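Worksheet: one structure, shown below.
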Amino acid sequence: MIGQFERREKPIDPVEKPRDTGGPEKPDTDTSRDKLLKRMRKVDPKQSERYRQRTGE
Amino acid sequence: MRPGHLFGLETEYGLLIHNPEVGIPPEMLVHQVRDHLFEQHKVGLIDRHHRAHDEPPGNGGFLLNGGRFYIDMGHIEYATPECTGLSEMVAFDRAGDVLLHQTLVDMGLSEHASFIKNNIDYETGATFGAHENYLVSRDFPFTERGLGRLVPFLVTRQVFTGAGRLGANFVPEGYMVLGDPEFPKIPFQISQRTDHIVSDFYQWVQFNRAIINTRDEPLADPGRYRRIHLLLGDSNLSEYATALKVGTTALVLDLIHEGVAPDVAILDPVNALKLISRDPERRWEICLEDGKPITALEVQRDYLDAGKKYLSGQSDDIDWTLKAWEETLNDLETGDSEKLVGRVDWASKLWLLEGFMAEEKLTWDDPWLKSLDLEYHNLDPERGLYFGLEAEGKMSRRTTLESIQQAMKMPPVETRAAGRAMLLRKLMKDPAPYMFNWTSVYIEGQHLSMVDPFQTYLKEAKVFLKTVNLL
């Protein structure tokens, strides 16, 4: 199982593709940043030092 | 004849180890994640054949959603299936993200590691890609003159496609600098990949990354189609930016095919890419070949105007793209990047970082900001800053939870991914020797050609299954 996204029995043929909703709505950017700041404060200040990747394409 | 739109994305993911004491090196963990995906989650069928010199048996495989997971240059990479709609494509792009994160959760490793959907690291100067693929017909003007009309658009589209980063990488991998030059200080630039683009046209993808990749590998009938393969773009978290990136690029390819694309000649496009990305004033002024100044937004306006004139009303996606493009350019023209929060990744990231800097009294050279930049791209919904914005309702969406869930396990309905997925599903139930490629499937030594990406091949697949005694 994949966490909350459990696989279900499904038909062999593909189902209807996701519908376009006519485009996203503009968000309200004036709401409080408190929750976001709280999330940001939890970030390990040194984690980027551990992020060493191989170069790709 | 100009075909309809068909596109796909390929993403190379980074892997951040939170707790090195767990003792699993990142390069080993990506293999374990891949194996878990195929062996435990049963997302598809692992390859049993050599696909290429760097893709031995077991390196990856096709998925029940028609896409593909594989290991490439040490990164786990996800290719979406062939898509024909923008919302559909965004859903399939996000399906890969969710599958990877949920696999870490399922393996009990989400506290120890996270997949990062970005394109750089700050420690080694490495870069890894977010590639775009657009199908065009064989009579598309795949010449320096024809593709030359695409270059100014690609150089300037970063104003809404960039994912943003701190600082700059002045020496792309594979290059060296003689002497001891002093590089300018760049607090923040709007694109991650532009530092690593060193050519305008080139056929290879590493060390000599070009604005336009020219290799001729259509992954379709070579007599009818070509594939425009782009590797200069950033990985977008914003669904709006992903849709706008692909929508505008597909639209500009249409303009070129119709012979009505603007004739704009930018002086030194590779340098112009960097000038735009690194401009601290975000005025984005560059030069035309005749020496006249022009801004990135003016170049984009030229393409937008041509799109409105020649392509308006041809499809819902085109009309959405034209409207969103114009709104985005209008907002960028105000110079107030906060207007783009929720739609453009670099603006959303900058807004978060500047808010945090003000709150914590940090300066741009504080190393904490690099870690926060990374966290914007963290695919863990409980950690990632993009997901924090999404949870606060600040991100414009093109998908729903349901459409992403569907895209994790079902293919698009209008392309050959449908037939491919049907055959995969059957083989997972009734095993038989197989070999899957983008353009063909072999079962029991029998061959089904799937060279037209616009066909579903569902009927042909059923006949094929009867031929090999699986139906």
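What follows is calculated from the coordinates using simple rules that are stated; it is not laboratory data. All figures in this text were calculated on a predicted structure; none of them were measured in a lab. Don't worry about glycine lacking a Cβ; one is built from the backbone with ideal geometry, like all the others, and counts go over all protein chains shown.
Determine the distance separating the Cα centre of segment B:212-250 from the Cα centre of segment B:290-308; give it in Å without decimals. Centre-to-centre (Cα) distance: 21 Å.
Panel note: the C-alpha atoms of segment B:417-467, placed on their principal axes, show extents of 28, 17, 16 Å (largest first). Averaged over the residues of peptide B:141-149, the number of Cβ atoms from other protein chains lying within 10 Å of each residue's Cβ is 0.
Sorted from fewest to most neighbouring beta carbons within 10 Å, what does the list B:24, B:294, B:120 look like?
Values: B:24 16, B:294 19, B:120 27.
Ranking B:24, B:294, B:120 by Cβ neighbours within 10 Å, fewest first, gives B:24, B:294, B:120.
Amide hydrogen proximity for residue B:126: with H placed 1.01 Å from N in the peptide plane, the residues at 5 or more positions away or on another chain lying under 5 Å are A:53, B:121. Counting only other chain Cβ atoms within 10 Å of each residue's Cβ, the peptide B:122-130 averages 4. For chain B, the share of DSSP beta bridges that are antiparallel, to the nearest 5, is 95%.
Each of B:5, B:229, B:36 was scored by other Cβ atoms within 10 Å of its Cβ. Arranged with the fewest first, they read B:36, B:229, B:5. Please sort by residue number the GluC sites (Glu not before Pro) in segment B:115-201 whose DSSP state is loop and whose Cβ has at most 16 other Cβ atoms within 10 Å. Counting only loop positions with at most 16 other Cβ atoms within 10 Å, the GluC sites (Glu not before Pro) in segment B:115-201 are B:123, B:173, B:182.
Most exposed first by the Cβ proxy, i.e. fewest other Cβ within 10 Å, how do B:84, B:328, B:334 rank? Kindly include the intermediate steps, with their values, before the conclusion.
On the way: B:84 20, B:328 24, B:334 10.
Fewest to most other Cβ atoms nearby, the residues stand as B:334, B:84, B:328.
Only Cα pairs under 8 Å and 6+ residues apart enter the sum, and on that basis the relative contact order of segment B:417-467 stands at 36 percent.
Only four residue types carry charge here, +1 at the Cβ of Lys and Arg and -1 at the Cβ of Asp and Glu. Report the dipole size of segment B:417-467 about the Cα centre in Debye, rounded to the nearest 20.
200
If you average 1/r over all unlike Cα pairs in the protein assembly as shown and invert the result, what Kirkwood radius do you get in angstrom? Working shown, then result.
Numbers: mean 1/r = 0.0426 Å⁻¹.
Here the Kirkwood hydrodynamic radius works out to 23.5 Å.
Taking loop as defined by DSSP and a crowding limit of 11 other beta carbons within 10 Å, which chymotrypsin sites (Phe, Trp or Tyr not before Pro) in segment B:156-252 fit?
Values: sites: B:160, B:170, B:175, B:188, B:201, B:202, B:204, B:207, B:225, B:240; in loops: B:170, B:175, B:204, B:207.
Sites meeting the loop and neighbour criteria: B:175.
State the dimensionless ratio Rg/Rh of chain B (Rg: radius of gyration of Cα atoms; Rh: Kirkwood radius). Kindly include the intermediate steps, with their values, before the conclusion.
Numbers: Rg = 22.0 Å, Rh = 22.9 Å.
We get a ratio of 0.96 for chain B.
Scalar couplings 3J(HN,Hα) for segment B:314-327, obtained by applying the Karplus form with A = 6.51, B = -1.76, C = 1.60 to θ = phi - 60°, are 7, 6, 4, 5, 5, 5, 4, 4, 4, 5, 5, 4, 5, 4 Hz; x denotes Gly and Pro.
Along each principal axis, taking the top coordinate minus the bottom one, the Cα set of segment B:298-419 gives 51, 42, 22 Å in descending order. For the pair segment B:136-171 / segment B:371-401, the C-alpha centres are spaced 26 Å from each other. Amide hydrogen proximity for residue B:440: with H placed 1.01 Å from N in the peptide plane, the residues at 5 or more positions away or on another chain lying under 5 Å are B:450. Karplus-based coupling profile of segment B:216-232, in residue order and whole Hz: 9, 9, x, 6, 6, 3, x, x, 10, 10, 10, 10, 8, 10, 10, 10, 8, with θ = phi - 60° in 6.51 cos²θ - 1.76 cosθ + 1.60 and x standing for Gly or Pro.
Once the C-beta distance of residue B:288 and residue B:315 is scaled by a Förster radius of 41 Å, the resulting FRET efficiency is 0.80 to the nearest 0.05.
What does the structure give for B:386-399 when I average, per residue, the other chain Cβ atoms found within 10 Å of the residue Cβ? Write out the running numbers ahead of the final one.
Details: counts 0, 1, 7, 5, 1, 3, 10, 4, 7, 2, 5, 5, 5, 3.
Mean number of neighbouring Cβ atoms from other chains: 4.
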